[in-house]
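Student: Here it is: the structure, laid out below.
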């Protein structure tokens, strides 16, 4: 039976960083039975406005909430930056590029993006930083640098955004369980792995005609 876990995220979404340990546990527990496929949702794609004081205060509040809920660490010196443009498209496109060049490295690359941005205060809107992270994830640097700015990667990234919207996804992280052509919502927000495991186990053991299959909501 064809089953797949769809992970809809944004590399510059703080709740996705909080969800990172859950993704790691999902990978370790289930990737051998149901591949985990990352889809970029586009939190703030193509934003061209520099962050002002109000935006900084709002985002700082979100980071504090995520830190408290998840235990993930944040480098709050990020807010000392002046003129930072919170455009998530380059980071999303970098993930799509890695997914295209070396699919097995995509989840590790996503984790490294989160770590770099939130815990290390590195600018993952910067193309050189993204190339460094791709290389560290085992992707050929020259191949990444060549592919990243192409129309193909821009188009594939936009297609991910459209796919996310067509599934009705409005926030990140979202996890969707696909069984052949049927989609079911597992979670539309941050949740620890232990909360999700019973539903995932039930889903993996279920058959297509099993009406009691994992208690997920249809999309």
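The values are calculated or read from the model by the stated rules, or taken from the named source; none is laboratory data. The structure displayed is predicted, hence computed values, not measured ones. Note that each Cβ is placed from the backbone with ideal geometry, even for glycine, and that neighbours are counted across all protein chains shown.
Student: Could you list all residues from region 178-188 that are modelled with pLDDT under 95 and not in a strand (DSSP E or B)?
Tutor: 180, 181, listed by residue number.
Student: For region 97-124, name all the residues that are closer than 27 Å to residue 55 by Cα and in contact with a strand residue (DSSP E or B) (Cβ under 7 Å, 6 or more places away or on another chain).
Tutor: Of everything in region 97-124, just one residue is closer than 27 Å to residue 55 by Cα and in contact with a strand residue (DSSP E or B) (Cβ under 7 Å, 6 or more places away or on another chain), namely 110.
Student: Right, another one. If you scan region 21-30, which residues turn out to be touching a residue at least 24 places away in the same chain (Cβ under 8 Å) and surrounded by fewer than 20 Cβ atoms within 10 Å (Cβ to Cβ)? Walk me through it before giving the result.
Tutor: Residues of region 21-30 touching a residue at least 24 places away in the same chain (Cβ under 8 Å): 21-27, 29-30.
Passing the criteria: 21, 24, 25, 27, 29, 30.
Student: Go over the candidates 58, 89, 104 one by one and state the one that is exposed (fewer than 14 other Cβ atoms within 10 Å of the Cβ) and under 17 Å from the mean Cα position of the chain (by Cα).
Tutor: Numbers: 58 fails: under 17 Å from the mean Cα position of the chain (by Cα); 89 fails: exposed (fewer than 14 other Cβ atoms within 10 Å of the Cβ).
Every option except 104 fails the conditions.
Student: Here's a follow-up. What about residue 175, is it in a strand (DSSP E or B) and either in contact (Cβ under 8 Å) with a residue 60 or more places away in the chain or surrounded by 13 or more Cβ atoms within 10 Å (Cβ to Cβ) (or both)?
Tutor: Criteria met by residue 175.
Student: Return yes or no: is residue 45 under 16 Å from residue 109 (Cα atoms) and modelled with pLDDT of 95 or more?
Tutor: Answer is no for this residue.
Student: Select from region 144-162 the residues that are under 21 Å from residue 37 (Cβ atoms), out of contact with any strand residue (DSSP E or B) (no Cβ under 6 Å at 6 or more places or on another chain) and part of a helix (DSSP H, G or I) and list them in ascending order.
Tutor: Within region 144-162, 144, 147, 152, 153, 154, 155, 156, 157, 158, 159, 161, 162 qualify.
Student: Of the residues 163, 151, 191, which is modelled with pLDDT of 95 or more and more than 17 Å from residue 5 (Cβ to Cβ)?
Tutor: Details: 163 fails: more than 17 Å from residue 5 (Cβ to Cβ); 191 fails: more than 17 Å from residue 5 (Cβ to Cβ).
When all the criteria are applied, what remains is 151.
Student: Would you confirm whether or not region 194-217 contains a residue that is under 18 Å from residue 8 (Cα atoms), buried (at least 18 other Cβ atoms within 10 Å of the Cβ) and modelled with pLDDT under 95?
Tutor: yes
Student: So, one more: Considering region 73-90 alone, what residues qualify as being out of contact with any strand residue (DSSP E or B) (no Cβ under 7 Å at 6 or more places or on another chain), within 22 Å of residue 42 (Cα to Cα) and not in a helix (DSSP H, G or I)?
Tutor: 74, 86, 87, 88
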